[in-house]
Amino acid sequence: MIQPAPTKLIWKRQPNSHHCFVCGLESEVGLKLRFDDNGVDEVRSHITLNRKYQGYPGVAHGGIIAAMLDEIGGRVTMSANPDRFMMTAKLDLKFRKPVPVDTPLTLIGKLLRDRGRLVEAHCEICLPDGSVAAEAEVVLAQIPANYSPGADLDDLGWRVYPDGDSAS
């Protein structure tokens with residue numbers, strides 16, 4: 001289980017985008033997650049999943065769980081630089097307990113190792129009692145220099161939005 005970061009660190013909101021499935025504030029089907037980081041090595045988010053994201057009745061679909069852990073792993077690399085985008089090279093996921101819908105969940109991502117081109121993170125989804133329902137070890141890789149999606153951060157809506165605001 002990830003231990004809480006020291007309280008002397010200052011937590012700040014990370015940027016969101018328009019259409020990302022996990023963090024896109026204008027995505028009609030997305031999760032609209034918002035993330036806060038301590039500026040060093042930890043990211044957190046909170047969500048209560050709607051029933052539309054369930055697999056079995058009352059239980060979140062495994063793909064939704066994987067998407068959340070993948071995203072918070074990638075967000076760890078942005079703790080010191082919100083424009084440091086990396087791509088997932090490996091996601092080793094373990095389902096420990098059913099992840100219920102209609103229940104407050106806490107997502108935590110923790111930096112384990114930053115080697116520049118490669119980053120390792122540990123991520124968890126915790127239930128209200130603090131127990132870990134799902135966790136992942138994530139390896140992220142620097143996006144290749146020759147890969148140019150042509151994305152303009154302003155066009156993506158990549159900025160910090162006040163709570164309650166959408167990306168429009």
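The values are calculated or read from the model by the stated rules, or taken from the named source; none is laboratory data. Here the structure is a predicted model, which means the values were calculated and not measured. As a convention, Cβ positions derive from the backbone with ideal geometry for all residues, glycine included, and neighbour counts pool all protein chains shown.
Structural remarks
- Those residues of region 46-66 which are in a helix (DSSP H, G or I) and loosely packed, with under 15 Cβ neighbours inside 10 Å, in sequence order: Arg51, Lys52, Gly62, Gly63
- Candidates Ala133, Ala80: the one that is of a type in the set (Gly, Ala, Ser) and farther than 17 Å from Gln14 by Cα is Ala133.
- Every residue from region 94-131 that is free of Cβ contacts under 8 Å to residues at least 40 places away in the same chain, acidic (Asp, Glu) and assigned to a loop (DSSP other than H, G, I, E, B): Asp129
- Of all residues in region 22-45 being part of a strand (DSSP E or B) and charged (D, E, K, R), the one that is farthest from Arg113 (Cα to Cα): Asp36
- Boolean, Asp163 is part of a strand (DSSP E or B), loosely packed, with under 13 Cβ neighbours inside 10 Å and in contact (Cβ under 8 Å) with a residue 12 or more places away in the chain: no
- Filter result for Val43 (more than 13 Å from Ile65 (Cα to Cα), at pLDDT 95 or above and among the β-branched types (Val, Ile, Thr)): yes
- Annotation note: of Glu124, Glu120, the sole residue that is in contact with a Lys or Arg (Cβ under 7 Å, 6 or more places away or on another chain) and modelled with pLDDT of 95 or more is Glu120.
- Taking the conditions (1) crowded, with 16+ Cβ neighbours inside 10 Å; (2) under 16 Å from Leu127 (Cβ atoms); (3) acidic (Asp, Glu) in turn, Asp102 satisfies each one other than (1).
- Exactly one residue out of Arg75, Arg113 is of a type in the set (D, E, K, R), under 15 Å from Cys23 (Cβ atoms) and modelled with pLDDT of 95 or more, and it is Arg75.
- Taken over region 49-90, the criterion of being farther than 23 Å from Gln142 by Cβ and aromatic (Phe, Trp, Tyr) is satisfied by Tyr53, Tyr56.
- Annotation note: of Leu69, Leu91, the sole residue that is hydrophobic (A, V, I, L, M, F, W, C) and part of a helix (DSSP H, G or I) is Leu69.
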